[in-house]
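One structure is given below, encoded as structure tokens.
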Amino acid sequence: MKSPIYQKKEAQNHLAKQENMLRRNGTSSGDASHIHHLQRTIGNKAVTQMMRSDVIQRQPSETLLPGDVGQWFIVTLPFGSPNTKTGTYLGTDARGHWFRGHNINNREYHFCIIRGNVERTMDPGWGGHAGYGEEEMDLENEVDKRPTRPNLQTEDAMKSYAGHVKGVQSEWRAMNAETRAAKLVEGLLPMFASSGVPVPTLRVIPKGTAQNGNFDSTTWSAGISEDTLEKEPEKAASTMYHEARHGEQYFLIARYIHAQKLPEPPYKQIPDHVMSAAADANARSQLTEEENVAAQRFHTSIFGSGATERNNILKRTQIYTQQAYFSAAKMYLDANQHVETLRVEFRNLKEIFDKSQNEDDRQVAKLKQADLLLKKAELPALKIAAEEKKLQFERTLAEYKNLPEEADAFAVQAQVDQWLAK
């Protein structure tokens, strides 16, 4: 084991090397010292915020650059590569670079270089992080002190996401629905990564389902409809952000369940890998008082004493839909238009009879008048039915939006909309 004096000297030499490399890349010695001070005090999250926030597409064999420390990368492994780790984890690669990673669909890995030797290349070997010596364990403990918090409600996250969306506007019309959805998710990856939330699987909902999007905690997937994806990118991005916020809510619930040692939801409504990631997040930092209150509120609504009423509201949203209201309103409008058509036809027939005084013409006019009066009598009931459907829809929608998890998601969505509109 290296002595503390040797370790200190070695660290000083390593710091000098990094400062020299940063200086060669256009960073002053003072800036380099500031970065290292942030690393020592509040961790690499501060460094990440100082650097670019986009997720970098990078192959494992390329050189690790000084500015890459604290950045998130996507690495797609060759087809058939073994899935050796799942969920969210800390680890070292084969060359000693510390990283925090997410396993995505067994082949695509999102990982962040936490600390590494900038003179070496990245080579994710997906090795474990225990038992690698005192220096490595000290580094792991330092990393574990970094806060892990759902952060889609922060201004920085919204600003970053809005910038990403603006970056895809020029390509939007050339993309199909799947590509559009994937592009929107790309803008969320840095936020998921920094908060420790496992990245949900993406689903494109077929047209005609009367849904903008949804989040399914059981399959840990976020869905966005083709109808929504056909809108302008800002509108689609708003929906995606809303559903992503639901993912953060469920992750908060998972952390709350773990911290309070509560029973996990039945039927794997929060999957095992999410519960495992929540335990990892709790090991690094505790929920703040505000997060704990929010998590308890979400848990009560979805899995606790509010679950029955919530389920009833969700059932009503399937009955008293906007489509049902529009359908009833269309019936009234169509009937009203039909009455107007009959009225014109009756007037024309009456004019014919007034000129001809022919008995046959009079009978035709009388039949048309009878039809007109009959259809006209039906209008009040159809109008009342349409108004009632509208009231039922609006009342149910208000109940739905007032659910704790929906009130939160809609509030976050309203805030990100302001950034998307800039």
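Please state which of the following conditions Lys368 fails to meet, knowing it meets all the rest: (1) without any contact (Cβ under 8 Å) to a residue 12 or more places away in the chain; (2) of a type outside the set (Gly, Ala, Ser); (3) surrounded by 16 or more Cβ atoms within 10 Å (Cβ to Cβ).
Condition (1) is where Lys368 drops out.
In this structure, is Ser221 hydroxyl-bearing (Ser, Thr, Tyr), in contact with a Ser or Thr (Cβ under 7 Å, 6 or more places away or on another chain) and free of Cβ contacts under 8 Å to residues at least 40 places away in the same chain?
yes
In the range 167-225, what residues are of a type in the set (D, E, K, R), surrounded by 14 or more Cβ atoms within 10 Å (Cβ to Cβ) and more than 26 Å from Pro265 (Cβ to Cβ)?
Passing the criteria: Arg180, Lys183, Glu186.
I'm trying to understand the selection: among the residues of the range 267-278, which are surrounded by fewer than 16 Cβ atoms within 10 Å (Cβ to Cβ) and not hydroxyl-bearing (Ser, Thr, Tyr)?
Lys268, Gln269, Asp272, His273
Go through the range 147-161 and count every residue that is in contact (Cβ under 8 Å) with a residue 60 or more places away in the chain, within 19 Å of Ala222 (Cα to Cα) and assigned to a helix (DSSP H, G or I).
2
Identify all residues within the range 304-362 that are under 30 Å from Ala254 (Cα atoms) and surrounded by 12 or more Cβ atoms within 10 Å (Cβ to Cβ); write none if there are none.
Those that are under 30 Å from Ala254 (Cα atoms) and surrounded by 12 or more Cβ atoms within 10 Å (Cβ to Cβ): Gly304, Gly306, Ala307, Glu309, Arg310, Ile313, Leu314, Arg316, Thr317.
Which one of Pro233, Pro198 is closer than 21 Å to Asp417 by Cβ and not acidic (Asp, Glu)?
Pro233
Which condition from (1) outside the structural domain of Thr201 (by TED's automatic domain parsing); (2) more than 24 Å from the chain's Cα centre (by Cα); (3) without any contact (Cβ under 8 Å) to a residue 40 or more places away in the chain is the one that Lys315 breaks?
(2)
Could you say which residue among Lys383, Lys390, Lys375, Lys401 is surrounded by fewer than 16 Cβ atoms within 10 Å (Cβ to Cβ) and out of contact with any Cys (no Cβ under 8 Å at 6 or more places or on another chain)?
From the options Lys383, Lys390, Lys375, Lys401, the qualifying one is Lys401.
List, please: which pairs have Cβ atoms under 7 Å, are six or more places apart or on different chains, and start with a residue in the range 399-422 that is in contact (Cβ under 8 Å) with a residue 24 or more places away in the chain and end with one that is surrounded by 12 or more Cβ atoms within 10 Å (Cβ to Cβ) and assigned to a loop (DSSP other than H, G, I, E, B)?
Close Cβ pairs satisfying both conditions: Val412/Leu152; Val412/Gln153.
With in contact with a Ser or Thr (Cβ under 6 Å, 6 or more places away or on another chain) and crowded, with 17+ Cβ neighbours inside 10 Å as the only criterion, which of Ala281, Ala294 stands out?
So the residue among Ala281, Ala294 that is in contact with a Ser or Thr (Cβ under 6 Å, 6 or more places away or on another chain) and crowded, with 17+ Cβ neighbours inside 10 Å is Ala281.
Evaluate the range 388-396: report whether one residue or more is over 30 Å from Gln322 (Cβ atoms), assigned to a helix (DSSP H, G or I) and modelled with pLDDT under 95.
Within the range 388-396, none of the residues are over 30 Å from Gln322 (Cβ atoms), assigned to a helix (DSSP H, G or I) and modelled with pLDDT under 95.
Is it the case that the range 337-344 has a residue that's modelled with pLDDT of 95 or more and among the basic types (Lys, Arg)?
Checked against the condition, which is being modelled with pLDDT of 95 or more and among the basic types (Lys, Arg), the range 337-344 yields no hits at all.
Within the range 243-261, can one find any residue that is acidic (Asp, Glu), without any contact (Cβ under 8 Å) to a residue 24 or more places away in the chain and out of contact with any Asp or Glu (no Cβ under 9 Å at 6 or more places or on another chain)?
There is no residue in the range 243-261 that is acidic (Asp, Glu), without any contact (Cβ under 8 Å) to a residue 24 or more places away in the chain and out of contact with any Asp or Glu (no Cβ under 9 Å at 6 or more places or on another chain).
State yes or no: is Ser301 under 29 Å from the mean Cα position of the chain (by Cα), buried (at least 17 other Cβ atoms within 10 Å of the Cβ), within 30 Å of Thr218 (Cα to Cα) and modelled with pLDDT of 90 or more?
In short, yes.
I'd like the full set of residues that are over 20 Å from Gln413 (Cα atoms) and of a type in the set (A, V, I, L, M), limited to the range 173-192.
Correct list: Ala174, Met175, Ala177.
Against the definition (of a type outside the set (Val, Ile, Thr), touching a helix residue (DSSP H, G or I) at 6+ places or on another chain (Cβ under 9 Å) and within 19 Å of Tyr256 (Cα to Cα)), how does Gly196 come out, yes or no?
Considered against the rule, which asks whether it is of a type outside the set (Val, Ile, Thr), touching a helix residue (DSSP H, G or I) at 6+ places or on another chain (Cβ under 9 Å) and within 19 Å of Tyr256 (Cα to Cα), Gly196 comes out as yes.
The values are calculated or read from the model by the stated rules, or taken from the named source; none is laboratory data. The shown structure was predicted, so the numbers you read here are calculated from the model rather than taken from an experiment. Note that we place each Cβ from the backbone using ideal geometry, even for glycine, and neighbour counts take in every protein chain shown.
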